Amino acid sequence: MATPPVDALTPEPKVSESVVASTKPSVAERLHSAHYQLVLTLYRVFAIAVLYLVLIGILAYAWIMGFYAVNTSWAAPVILSASDEKSLDFREKLVTSQQTIEDVKVDAKKMSDGLNEMKEHRGALLALEPQLKAAIAREAAHNKTAGPELEQFDQQKLADNAKTQKVLAQVKELEANINKDLAAGLITKGDAAQQLSALNQAQDAYTDSKIAEVLLTDSVLDKTTTGTDTLDVLEKQAELQSEVAQLDIAISVAEKEFYEDSRQISRLREAIETAKQSPYYLSASGGQTLYFAFVPYDNQAQAVVGTSIYDCYLNMVLCRHVGTVKAIFPGEEQAIHPIFKTQIRGFMIQMNLDQPSSARSKTVFLGRKPVLF
């Protein structure tokens, strides 16, 4: 027969009701325990909520970073004002270029007038040169013919003077006879004066003939040799040719300067026309409010005139159509990435916005909505 266990044989101790009553928790203790459990539960819920919020924030940040890393349709609106530093600098350069054009145009006008005057003067000189050459040739031909003839006349004049001199020797004898006849009373004083006057006239004629012979000698010299008058004419011809040559040089220099002035005006006008394709020109010119956006080179394919523009909440969701691309500017610009805050290169576009408030958004999207809604 098996022996029962000791525990089974040992009688259970009896606990008094007072002792049982003393071990039950009080109402205050139960309330304190419930409050503790509630606080602990709330703390756990809050910690879990914060943890999920942080996790959601990290995932959202990673999603935004990844989205803008792969998205190729975003653009960053830019607000330009006529009082901006770049706009003021652009306007100053534009005014300087326009003033330079006006100054160069004035110089070109003066140069053009001077060129016309020099060409007219040169034409007059060139028209005078053939006449001068013809006169020199005509005078040389005349001298060639008249020179020998004058030499013959000079020889004849010398012979005539020699004959006249012999006659004058006889005249002196007649004068002496007249004086003797007057002294002897053979003739009257009137007859003597008349005869002496005729003799004096013959003497004067001989003197004039000698003077004429000397003048004729001078004419022969002028016609048969190169005299000072001929040298003066040749000098004037040389001066005429020299002045024409100097005018040719001056005209050539003036034409080059006029050409360079014209090229400079053309270059400045081309520069101004190119500058007019800049957003800063439109901004500096004032007028109506204009809206621009920066587009990085990676997103260039979406920047087409007429392309739709969308503005989104939270920079990527709940997008709405706000306008279209109006113009594209070819000049390179540099900007700070609106999300990554890094330096990027790109270009500017002009936006035609139906919702002007979208110009203050951090980004807009070209072509289509970046996500499904």
Inside the range 310-332, can you point out the residues that are touching a strand residue (DSSP E or B) at 6+ places or on another chain (Cβ under 7 Å) and touching a residue at least 60 places away in the same chain (Cβ under 8 Å)?
-> 310
Which number in (1) outside any loop (DSSP other than H, G, I, E, B); (2) surrounded by 13 or more Cβ atoms within 10 Å (Cβ to Cβ); (3) among the polar types (S, T, N, Q) marks the one condition that residue 277 misses?
-> (1)
State whether one or more residues within the range 223-238 are modelled with pLDDT of 70 or more, surrounded by 13 or more Cβ atoms within 10 Å (Cβ to Cβ), more than 30 Å from residue 135 (Cα to Cα) and touching a helix residue (DSSP H, G or I) at 6+ places or on another chain (Cβ under 8 Å).
-> no
For the range 273-303, name all the residues that are modelled with pLDDT of 85 or more and over 15 Å from residue 82 (Cα atoms).
-> 293, 294, 295, 296, 297, 298, 299, 300, 301, 302, 303
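State the number of residues belonging to the range 309-327 that are surrounded by fewer than 16 Cβ atoms within 10 Å (Cβ to Cβ) and either of a type in the set (S, T, N, Q) or modelled with pLDDT of 90 or more (or both). Explain how you work it out, then say what you get.
Of the residues in the range 309-327, the ones surrounded by fewer than 16 Cβ atoms within 10 Å (Cβ to Cβ) are 313-314, 317-318, 320-321, 327.
If we keep only those that are either of a type in the set (S, T, N, Q) or modelled with pLDDT of 90 or more (or both) as well, we get 320-321, 327.
Within the range 309-327, residues that are surrounded by fewer than 16 Cβ atoms within 10 Å (Cβ to Cβ) and either of a type in the set (S, T, N, Q) or modelled with pLDDT of 90 or more (or both) number 3.
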Filtering the range 285-306 down to residues that are buried (at least 18 other Cβ atoms within 10 Å of the Cβ) and in a loop (DSSP other than H, G, I, E, B) yields 290, 303
Within the range 328-373, of all residues that are among the hydroxyl-bearing types (Ser, Thr, Tyr) and not in a loop (DSSP other than H, G, I, E, B), the one surrounded by the most Cβ atoms within 10 Å (Cβ to Cβ) is 358
Checklist (1) at pLDDT 80 or above; (2) over 30 Å from residue 305 (Cα atoms); (3) over 33 Å from the mean Cα position of the chain (by Cα); (4) among the aliphatic types (A, V, I, L, M) applied to residue 19, failing item | (1)
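Scan the range 301-324 residue by residue and report those that are aromatic (Phe, Trp, Tyr) and over 42 Å from the mean Cα position of the chain (by Cα).
Correct list: 313 only.
For every residue, the table says whether it meets (1) touching a strand residue (DSSP E or B) at 6+ places or on another chain (Cβ under 8 Å); (2) hydroxyl-bearing (Ser, Thr, Tyr); (3) modelled with pLDDT under 85; (4) under 30 Å from residue 283 (Cβ atoms).
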{"residue": "10", "(1), (2), (3), (4)": "no, yes, yes, no"}
{"residue": "13", "(1), (2), (3), (4)": "no, no, yes, no"}
{"residue": "38", "(1), (2), (3), (4)": "no, no, yes, no"}
{"residue": "67", "(1), (2), (3), (4)": "no, no, yes, no"}
{"residue": "74", "(1), (2), (3), (4)": "yes, no, no, yes"}
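With aliphatic (A, V, I, L, M), exposed (fewer than 13 other Cβ atoms within 10 Å of the Cβ) and farther than 30 Å from residue 248 by Cα as the only criterion, which of 88, 51 stands out?
51
The values are calculated or read from the model by the stated rules, or taken from the named source; none is laboratory data. Model, not experiment: these values are computed from the prediction. Cβ: placed from backbone, ideal geometry, glycine included. Neighbour counts: every protein chain shown.
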